[in-house]
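Presented below is the structure to which this report refers.
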Amino acid sequence: MRTKARRAALGGLFTAAALILSFIETLLPPVTAAAPGIKLGLANTVVIFVLYRYGAKFAAAVSGARVLISGLLFGAAALPYSAAGAALSLCAMALMKKSRQFSAVGVSLAGALSHNAGQILAAMLLLGRNQLYGYFLPLAAAGAVTGVFIGILSSLLLRFVPGGGEEKKEKDAPAGKPGTGE
Amino acid sequence: MKRNKTVRNDILLICAVALAVTAAMLLWRALRAEGGSAVVYVDGREYISCPLDSDARVTVPGAGGGFNVLVIRGGEAYISEADCPNRICVKHRPVKYAGQTITCLPHRVTVVIESARGGGTDVDAG
């Protein structure tokens, strides 16, 4: 990243985009009555985009800021669960990307499933019950579907939205080349 | 060629996940047993246990204030009313099989269906 100001501006931009997407999601009706906590995870498209173009650290910053701000805006009750989900999801996605074995679709799928796992783990710890694993199955089933969908969306985004390449090369050139080809 | 490899790995991963989820669901369906009671936990502590064979309506106080109304009707348990922000618990469909749960994260209220013989569905459930 060239300057601090540029970094801050980009971070704010991506965080705002992620927040807007999370908000739009709350306006959509619940997908199924089996597990009403299910969400599409649109904000993850932004995190994946940033992960590919600017690296894991910057993606972590954007994701963390999004979780904190949405906690402040929409109620802090869900904060520990989203924080745990987001953290685990980011680690999984960074590792998946680093392995260079998967495209953004595989990365997103791993991110969705680990997000669910993180939320359930946080809930088990905080609620002191170990029986919540029963909730993981419907969440994982939905997460698999939404994860692939979000992954396809992110691939399209990475293919058609230009920019970000030069910072990337400057920062970690050897690990570098994004999945956009050429 | 790099691209083809990642796409192939993606497809393998998707198939593996789909298979695992389907297998787990089939297994759960095969093994599920109707529960004996709905046990309500507030902030990790047992608040009340309601047998599923008698209809009931219980107002459960949430951990940080607020309430959730648990209704037992026709052998099923559900949350009919709550003043939590997201109301996910109210939207959750009724539960009746051992191990099923309804959770209200904001109020830290969990409803767990436990098997007829008193104990939980876990090996280590006290």
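The values are calculated or read from the model by the stated rules, or taken from the named source; none is laboratory data. Keep in mind that what you see is a predicted model, and the values were worked out from it rather than measured. Quick reminder, even Gly has a Cβ in these numbers, built from the backbone with ideal geometry, and neighbours come from all protein chains shown.
Conditions (1) of a type in the set (F, W, Y); (2) within 17 Å of A:L72 (Cβ to Cβ); (3) at pLDDT 90 or above, marked per residue:
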residue: A:R2; (1), (2), (3): no, no, no
residue: A:A5; (1), (2), (3): no, no, yes
residue: A:L10; (1), (2), (3): no, no, yes
residue: A:F23; (1), (2), (3): yes, yes, no
residue: A:L27; (1), (2), (3): no, no, no
residue: A:V31; (1), (2), (3): no, no, no
residue: A:L42; (1), (2), (3): no, no, yes
residue: A:T45; (1), (2), (3): no, no, yes
residue: A:I48; (1), (2), (3): no, no, yes
Pick from the range A:93-121, criterion of a type in the set (A, V, I, L, M) and away from chain B (no Cβ under 12 Å), ranking: nearest to the chain's Cα centre (by Cα): A:M93
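Can you say whether B:T59 is in contact with a Phe, Trp or Tyr (Cβ under 6 Å, 6 or more places away or on another chain) and modelled with pLDDT of 85 or more, as far as the supplied structure shows?
Spelling it out, B:T59 is indeed in contact with a Phe, Trp or Tyr (Cβ under 6 Å, 6 or more places away or on another chain) and modelled with pLDDT of 85 or more.
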Search the range B:79-107 for residues that are farther than 22 Å from A:A122 by Cβ and more than 7 Å from chain A (Cβ to nearest Cβ) and pair each with any residue that is surrounded by fewer than 19 Cβ atoms within 10 Å (Cβ to Cβ) and among the β-branched types (V, I, T) when their beta-carbon atoms are under 6 Å apart and the residues are at least 6 apart or on different chains. B:S80/B:V69; B:S80/B:V71; B:E81/B:V69
Just a yes or no: is a residue in the range B:65-77 surrounded by fewer than 19 Cβ atoms within 10 Å (Cβ to Cβ), among the small types (G, A, S), in contact with a strand residue (DSSP E or B) (Cβ under 9 Å, 6 or more places away or on another chain) and at the interface with chain A (Cβ under 8 Å from one of its Cβ atoms)? no
Conditions first: (1) at pLDDT 90 or above; (2) out of contact with any Leu (no Cβ under 7 Å at 6 or more places or on another chain); (3) more than 14 Å from chain A (Cβ to nearest Cβ); (4) farther than 27 Å from A:S70 by Cα. B:G118 passes all but one, so which condition is the exception? (1)
Being more than 14 Å from every other protein chain (Cβ to nearest Cβ), more than 22 Å from A:L139 (Cα to Cα) and touching a residue at least 60 places away in the same chain (Cβ under 8 Å) is the requirement here; does B:G36 meet it? yes
Only one of B:T6, B:T22 is touching a Gly at 6+ places or on another chain (Cβ under 8 Å), within 12 Å of chain A (Cβ to nearest Cβ) and without any contact (Cβ under 8 Å) to a residue 12 or more places away in the chain; which? B:T6
Only one of B:A56, B:A98, B:A82 that is farther than 15 Å from B:T110 by Cβ and either in contact with a strand residue (DSSP E or B) (Cβ under 7 Å, 6 or more places away or on another chain) or among the small types (G, A, S) (or both): B:A56
